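The values are calculated or read from the model by the stated rules, or taken from the named source; none is laboratory data. None of the values given here were measured: they were computed from a predicted structure. Quick reminder, even Gly has a Cβ in these numbers, built from the backbone with ideal geometry, and neighbours come from all protein chains shown. Quick note on the areas: whole protein, heavy atoms, side chains included, nothing else; ligands and nucleic acids left out. Shrake-Rupley method; radii C 1.70, N 1.55, O 1.52, S 1.80 Å.
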Amino acid sequence: MTGLDPIALVLHQDSCLLVLNKPAGLAVHAGPKTPESLENHLEALRFGNRFLPQPAHRLDRDTSGCLLLGRHEKAMRRLGQLFAEHRVVKTYWAIVQGKPAEPRGRIDLALLKINTRQGWHMEPNSAGQPARTDYEVLGSNGNLSWIAFRPHTGRTHQIRVHAASLGCPLLGDAQYGVNDAMPMQLHARKLAIPYHAEKAAVQVEAPPPDHMIENLRRLGFA
């Protein structure tokens, strides 16, 4: 991602944690199809530390928003524990096609990774890993809806597949949703991180990206 300034992405910084507003299109980790990733920019985020900050979880390349990093080894161990215990509260905003039958609810649908010659994908399957997501409709015009998703588990592509299972596929999602030649309309809006047992959870919020603003405003976002 040419010209990326990683310091400009910082939403929260303390002695243990960094939270970045990851742009859509930037992979968290390098891979065969993503030679440039956040890993290329971690050096600029040391801020004087000996330890190179590391992502504590993942966001899909085309998902924007809150990405949590640990600033030292003790922080990484603590964050690993919090994620394993499902204590980090994550809230995503999505623009989807259609409208769920109910304004809020829970999707409890196990997901299984399927490998094919064309690649891989996730699909609902009772033989897969348990996956649970709460949702709430924040705005709708009948054709499109703005939904807040709160995943309780962290399965790959969980929100994308669960949204499609509601009959409300994500806009811009070529794999599971509606590909309208636009960036995927999924944004990691908020994180609540109970890092210190004796203190209130760290709360971080990422402003919605430019590619979602028009649809959000159409659906009631001020």
What is the local net charge at ASP173, summed over the other residues whose Cβ is closer than 11 Å to its Cβ (Lys, Arg +1; Asp, Glu -1)? -2
Here the relative contact order (percent) of region 94-196, from C-alpha pairs under 8 Å and at least 6 apart, is 28 percent
Compute the distance in nm between two label points, each set 7 Å from the Cα along the Cα-to-Cβ direction, one at ARG77 and one at GLU36. 3.7 nm
Gain in span if fully extended, LEU112 to ARG87, counting 0.36 nm per residue against the direct Cα distance: 6.7 nm
Would you please give the residues with an amide H less than 5 Å from that of VAL178, counting only those at least 5 places away or on a separate chain, with H modeled from the backbone geometry? LEU170, LEU171, GLY172, ASP173
So, counting K/R as plus one and D/E as minus one, what does the shell of residues with Cβ under 11 Å around PHE51 add up to? +3
Using alpha-carbon coordinates, inclination of helix 73-84 to the longest axis of the chain, degrees: 20 degrees
So which GluC sites (Glu not before Pro) in region 168-219 are both in a DSSP loop and have at most 13 other Cβ atoms within 10 Å of their Cβ? GLU198
7 Å from Cα along Cα→Cβ at both GLU198 and THR153: what's the point-to-point distance in nm? 3.7 nm
Counting only helical runs of four or more DSSP H residues, what would the 222 nm mean residue ellipticity of the chain come to if each run contributes -39,500 (n - 2.57) and the total is spread over all its residues? -4000 deg cm²/dmol
Could the peptides 19-27, 73-81 be put in order, highest first, of the mean number of other beta-carbon atoms found within 10 Å of their residues? 19-27, 73-81
With 5 Å bins from 0: P(r) over region 134-222, alpha-carbon pairs, percent: 3, 12, 20, 25, 19, 10, 6, 4, 1, 0
So I have (i) 13.2; (ii) 14.0; (iii) 14.9, and one of them is mean projected area of the Cα convex hull in nm² calculated from this model. Which one is it? (i)
With a 1.4 Å probe and all protein chains left in place, how much of the accessible area of the chain comes from carbon and sulfur atoms, in whole percent? 47 percent
Over the chain, with the other protein chains present, what is the accessible area per residue in square angstrom, probe 1.4 angstrom? 51 Å²
How many lysine pairs are close in the chain, with Cα atoms under 26 Å apart and the two 8 or more places apart or on different chains? 15
